[in-house]
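A.B. asks: Provided herewith is a single structure, encoded as structure tokens, for subsequent inquiry.
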Amino acid sequence: MATKRAHALSFQIIAECSTTKARVGKMTLPHGVVDTPVFMPVGTQGTLKGMLPEQLKELDCRIMLGNTYHLGHRPGPDLLEKAGGLHKFMNWDRCLLTDSGGFQMVSLLKLAEITEEGVKFESPHDGSEMMLTPEHSIHIQNSIGADIIMQLDDVVHSTTTGPRVEEAMHRTIRWLDRCLLAHRRPHDQNIFPIVQGGLDVELRRQCAIELTKRDVAGFAIGGLSGGEEKTQFWRMVDVSTDHLPREKPRYLMGVGFAEDLVVCSALGCDMYDCVYPTRTARFGNALVPEGSLALKNKSFADDYQPIDAHCTCSTCRNYTRAYLHTVATNEAVASSLITVHNVAYQLDLMRSIQLSIKEDRFPAFVQKFFSIRHPDGHYPEWVIQALDKVNITLLHNSDSQSNKLDIAGSDHIGQDGIKV
């Protein structure tokens with residue numbers, strides 16, 4: 001077990017749900033304070049597609065992501081060090097988290113060769129080879145300078161079964177120790193280990209227990225949200241949070257659908273990231289409490305409402321659905337405008353989750369969220385199962401309609417547009 005040391009992260013639990021595993025925390029990092037649960041937008045190449053850092057600040061985004069694999073290729077660690085790190089390079093003075101590059105073992109599998117030493121990639125950009133070892137991953141992330149950096153883990157596709165899953169789990173633990181030894185900036189950067197184990201409950205449990213023997217500031221849950229059945233997904237999240245320490249933040253990697261954010265917060269997760277809100281914006285889809293609006297559809301051609309009447313983002317203040325329909329997928333500005341709204345939606349949803357936990361009405365918030373999303377009362381089976389595990393029973397349609405005012409004891413519009 002590693003020697004105890006001070007970390008460049010402190011985590012204070014502000015409130016806990018009396019029914020579920022949900023909690024609100026305050027995570028203090030070198031570049032600021034982040035309230036959790038938090039959704040972190042993904043800025044792969046040091047930029048969020050379609051948004052400026054100033055726009056993210058206007059939405060009070062406190063933390064975003066960068067991608068180690070891509071930044072390691074371009075502009076590369078040497079240039080980033082000369083620039084003073086990614087914060088200065090991209091003009092972002094708030095918190096950053098970088099992944100390790102390990103996910104590319106899955107997304108670029110045809111271009112990768114995995115051994116105990118590391119992962120050898122063929123660049124999709126220019127065909128050049130890159131050996132990503134645990135040490136090199138940390139070297140790149142030290143150059144990037146993110147507040148939270150991830151260990152290099154051995155990632156397998158979430159639907160993989162058999163001996164390869166156990167091999168990857170044990171290798172992830174070995175690679176963590178190499179990452180910790182290679183880390184040269186522990187005073188201002190925090191390494192998070194990653195719980196692996198595929199869809200095997202016992203392997204997940206073993207991995208979480210072994211990782212907690214290391215002196216680290218927080219933990220991540222990886223290898224999920226890759227196409228596995230949702231009934232398996234939520235169970236792997238649940239067993240992971242059950243075996244991770246209460247007093248440290250838990251980051252569920254690659255998760256960003258609104259339903260997943262609500263359910264996994266109930267299961268005890270604190271941090272999330274996903275390209276979904278920005279990627280779906282580029283296809284003309286806007287996120288709303290009911291789900292999403294495909295603004296390309298002709299039904300919006302003469303619709304002069306904002307995307308969401310309860311949203312205060314600059315897009316909803318200044319543009320109508322009809323205008324966005326006109327430019328959607330045809331003009332570059334449409335991607336930017338819808339992206340601003342989608343990121344605002346995600347951030348507001350997380351703030352509403354935080355508030356409901358602080359006021360100890362999170363179960364009612366969850367019931368209302370799903371009754372709006374599924375007004376016919378036909379909830380996904382995995383959602384019913386996951387919430388039942390943490391003592392939340394979703395409302396039947398008749399209950400949903402008759403208890404609008406009773407659910408929270410008040411009748412105002414929350415930041416996510418849900419009456420609470």
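The values are calculated or read from the model by the stated rules, or taken from the named source; none is laboratory data. Here the structure is a predicted model, which means the values were calculated and not measured. Positions of Cβ are generated from backbone atoms using ideal geometry, with glycine treated the same way; all protein chains shown enter the neighbour counts. Keep in mind that these areas ignore ligands, DNA and RNA; they rest on the heavy atoms of the full protein, side chains included. Shrake-Rupley method; radii C 1.70, N 1.55, O 1.52, S 1.80 Å.
A.B. asks: Output the residues belonging to the stretch 12-69 that are within 16 Å of Met253 (Cβ to Cβ), open to solvent by less than 10 Å² (accessible area, probe 1.4 Å) and in a loop (DSSP other than H, G, I, E, B).
C.D. replies: Within the stretch 12-69, Pro37, Gly43 meet the criteria.
A.B. asks: Do the conditions hold for Ile173, that is, is it under 21 Å from Ile63 (Cβ atoms) and either buried (at least 16 other Cβ atoms within 10 Å of the Cβ) or touching a helix residue (DSSP H, G or I) at 6+ places or on another chain (Cβ under 7 Å) (or both)? I'd like the intermediate steps shown before the answer.
C.D. replies: Values: under 21 Å from Ile63 (Cβ atoms): no; either buried (at least 16 other Cβ atoms within 10 Å of the Cβ) or touching a helix residue (DSSP H, G or I) at 6+ places or on another chain (Cβ under 7 Å) (or both): yes.
Considered against the rule, which asks whether it is under 21 Å from Ile63 (Cβ atoms) and either buried (at least 16 other Cβ atoms within 10 Å of the Cβ) or touching a helix residue (DSSP H, G or I) at 6+ places or on another chain (Cβ under 7 Å) (or both), Ile173 comes out as no.
A.B. asks: Right, another one. May I ask you to list the residues in the stretch 153-170 that are open to solvent by less than 60 Å² (accessible area, probe 1.4 Å) and under 22 Å from the mean Cα position of the chain (by Cα)?
C.D. replies: So in the stretch 153-170, the residues open to solvent by less than 60 Å² (accessible area, probe 1.4 Å) come out as 153-156, 158, 160, 162, 165, 168-169.
Asp153, Asp154, Val155, Val156, Ser158, Met169 - these are the residues of the stretch 153-170 that are open to solvent by less than 60 Å² (accessible area, probe 1.4 Å) and under 22 Å from the mean Cα position of the chain (by Cα).
A.B. asks: So which of Ala281, Ala294, Ala266 ends up being crowded, with 23+ Cβ neighbours inside 10 Å, at pLDDT 95 or above and farther than 30 Å from Cys17 by Cβ? Talk me through it step by step, then tell me what you get.
C.D. replies: Values: Ala294 fails: crowded, with 23+ Cβ neighbours inside 10 Å; Ala266 fails: farther than 30 Å from Cys17 by Cβ.
Exactly one of Ala281, Ala294, Ala266 is crowded, with 23+ Cβ neighbours inside 10 Å, at pLDDT 95 or above and farther than 30 Å from Cys17 by Cβ, namely Ala281.
A.B. asks: Now, a different point. Checking Arg246 against (1) farther than 28 Å from Arg361 by Cβ; (2) open to solvent by 40 Å² or more (accessible area, probe 1.4 Å); (3) assigned to a loop (DSSP other than H, G, I, E, B), which test does it fail?
C.D. replies: Arg246 satisfies all of (1) farther than 28 Å from Arg361 by Cβ; (2) open to solvent by 40 Å² or more (accessible area, probe 1.4 Å); (3) assigned to a loop (DSSP other than H, G, I, E, B) except (1).
A.B. asks: Considering only the stretch 203-237, how many residues are in a helix (DSSP H, G or I), open to solvent by 10 Å² or more (accessible area, probe 1.4 Å) and not hydroxyl-bearing (Ser, Thr, Tyr)?
C.D. replies: Step one: filter the stretch 203-237 for residues in a helix (DSSP H, G or I), giving 203-211, 230-237.
Then drop every residue that is not open to solvent by 10 Å² or more (accessible area, probe 1.4 Å), which leaves 203, 205-206, 209-210, 230-232, 234-235.
Those still in the list that are not hydroxyl-bearing (Ser, Thr, Tyr) too: 203, 205-206, 209-210, 230, 232, 234-235.
Here the count works out to 9.
A.B. asks: Sort out which residues of the stretch 305-322 are surrounded by fewer than 18 Cβ atoms within 10 Å (Cβ to Cβ) and over 30 Å from Arg23 (Cβ atoms), and write them in order of number. I'd like the intermediate steps shown before the answer.
C.D. replies: As a first pass, look at the stretch 305-322 and keep what is surrounded by fewer than 18 Cβ atoms within 10 Å (Cβ to Cβ): 305, 309-310, 312, 314, 317-318, 320, 322.
Within the stretch 305-322, Gln305, Ala309, Ser314, Arg317, Asn318, Thr320, Ala322 meet the criteria.
A.B. asks: Identify all residues within the stretch 339-353 that are under 15 Å from Tyr319 (Cβ atoms) and either in contact with a Gly (Cβ under 7 Å, 6 or more places away or on another chain) or not in a helix (DSSP H, G or I) (or both); write none if there are none.
C.D. replies: Thr339 - this is the single residue of the stretch 339-353 that is under 15 Å from Tyr319 (Cβ atoms) and either in contact with a Gly (Cβ under 7 Å, 6 or more places away or on another chain) or not in a helix (DSSP H, G or I) (or both).
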